[in-house]
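One structure below.
The values are calculated or read from the model by the stated rules, or taken from the named source; none is laboratory data. Note that this is a predicted model, so its numbers are computed, not measured. Cβ atoms come from the backbone with ideal geometry, glycine included; neighbour counts cover every protein chain shown.
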Amino acid sequence: MNNRETQVRSQREVVATGVAVAGTHEPFVEGVDFVAPGGAVTVVPCDPGVPQVALALAVGGRVALAAGAVSVGGSTDRTDLQVRTRLVDVSDVTAPEDTLALRAVIAEELALAERPSSRADVDHFLADRDLTDLRQRRWESLPSGLRTRLLIELGSWHPRVRVLVLAGPDRHGGSVAEWFEAARAAADSGLTVIVLCSPATASALASHIPSGASA
């Protein structure tokens with residue numbers, strides 16, 4: 001790795017130290033520490049449901065922290081976090097509505113990525129991936145691995161995004177390897193990819209990459 005590549009990766013490194021997000025009666029998450037280097041996938045074990053949502057919002061600078069800090073490229077400014085991170089498939093936040101057709105989900109994601117999103121653009125996107133026959137299928141009826149792969153790919157297209165935070169891909173079932181390979185492909189393009197998943201899934205992935213966190 002040359003000096004420029006090293007510098008770029010360091011600018012995309014995410015560091016979480018003692019992160020806590022307050023809940024109504026007790027913290028949603030507490031004492032979360034991890035380092036997520038640029039150009040790699042970092043798996044962070046976190047209980048499913050509200051804790052994963054809260055941690056995703058914290059990493060992305062979308063909520064104030066009760067304790068600790070999150071930085072990207074050394075900056076803890078929440079605006080920097082918001083601009084540089086894309087929250088992928090976060091339940092009740094960025095996850096597509098189950099009842100939408102595939103075509104509608106792709107149009108929405110293209111628009112969010114500041115790409116042309118007309119009917120023709122969507123049809124072209126789907127045709128390139130041999131998905132034309134599925135264009136009217138409800139999002140919830142599609143294979144879970146396909147849904148996650150598409151959201152990771154489209155999330156990586158955001159022009160200012162340097163970090164992808166994927167929340168709870170294992171909640172959909174299906175093959176862990178399928179969405180993990182999609183996450184690794186995004187990381188290979190130079191992005192920092194943080195995957196929040198259940199402790200059991202994180203343990204299962206430990207043979208592929210080192211777990212990057214404790215929660």
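Remarks
Yes or no, residue by residue, for (1) under 28 Å from A204 (Cβ atoms); (2) in contact with an Asp or Glu (Cβ under 6 Å, 6 or more places away or on another chain):
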site: V44; (1), (2): yes, no
site: V53; (1), (2): yes, no
site: S91; (1), (2): yes, no
site: D98; (1), (2): yes, yes
site: I106; (1), (2): no, no
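- Count of segment 141-167 residues which are of a type in the set (G, A, S) and within 10 Å of the chain's Cα centre (by Cα): 3
- Going through (1) in contact (Cβ under 8 Å) with a residue 24 or more places away in the chain; (2) closer than 20 Å to V53 by Cβ; (3) in contact with a Ser or Thr (Cβ under 9 Å, 6 or more places away or on another chain) one by one, T201 falls short only on (3).
- Selection of first residues in segment 135-159 that are farther than 15 Å from A107 by Cβ and modelled with pLDDT of 95 or more and of second residues that are of a type in the set (G, A, S) and in a helix (DSSP H, G or I), restricted to Cβ pairs under 7 Å at least 6 apart or on distinct chains, gives the following pairs, ordered by first then second residue: T148/A182; R149/A182; I152/A182; I152/A183; I152/A186; S156/A186.
- Whenever a residue of segment 77-97 is in contact (Cβ under 8 Å) with a residue 12 or more places away in the chain, its partners that are in a loop (DSSP other than H, G, I, E, B) and exposed (fewer than 15 other Cβ atoms within 10 Å of the Cβ), lying with C-beta atoms within less than 6 angstrom and at least six residues away or across chains, give the pairs V83/R160.
- Of all residues making up segment 87-121, the number that are surrounded by 16 or more Cβ atoms within 10 Å (Cβ to Cβ), assigned to a helix (DSSP H, G or I) and either within 13 Å of the chain's Cα centre (by Cα) or basic (K, R) (or both): 1
- Matching residues in segment 177-195 - criterion: being within 15 Å of the chain's Cα centre (by Cα), of a type outside the set (D, E), more than 16 Å from F34 (Cβ to Cβ) and in a helix (DSSP H, G or I): W179, F180, A182, R184, A185, A186
- In segment 43-86, the residues that are among the charged types (D, E, K, R) and either more than 17 Å from R160 (Cα to Cα) or not in a helix (DSSP H, G or I) (or both): D47, R62, D77, R86
- Boolean, G61 is in contact with an Asp or Glu (Cβ under 9 Å, 6 or more places away or on another chain), surrounded by 15 or more Cβ atoms within 10 Å (Cβ to Cβ), modelled with pLDDT under 95 and over 25 Å from R138 (Cβ atoms): no
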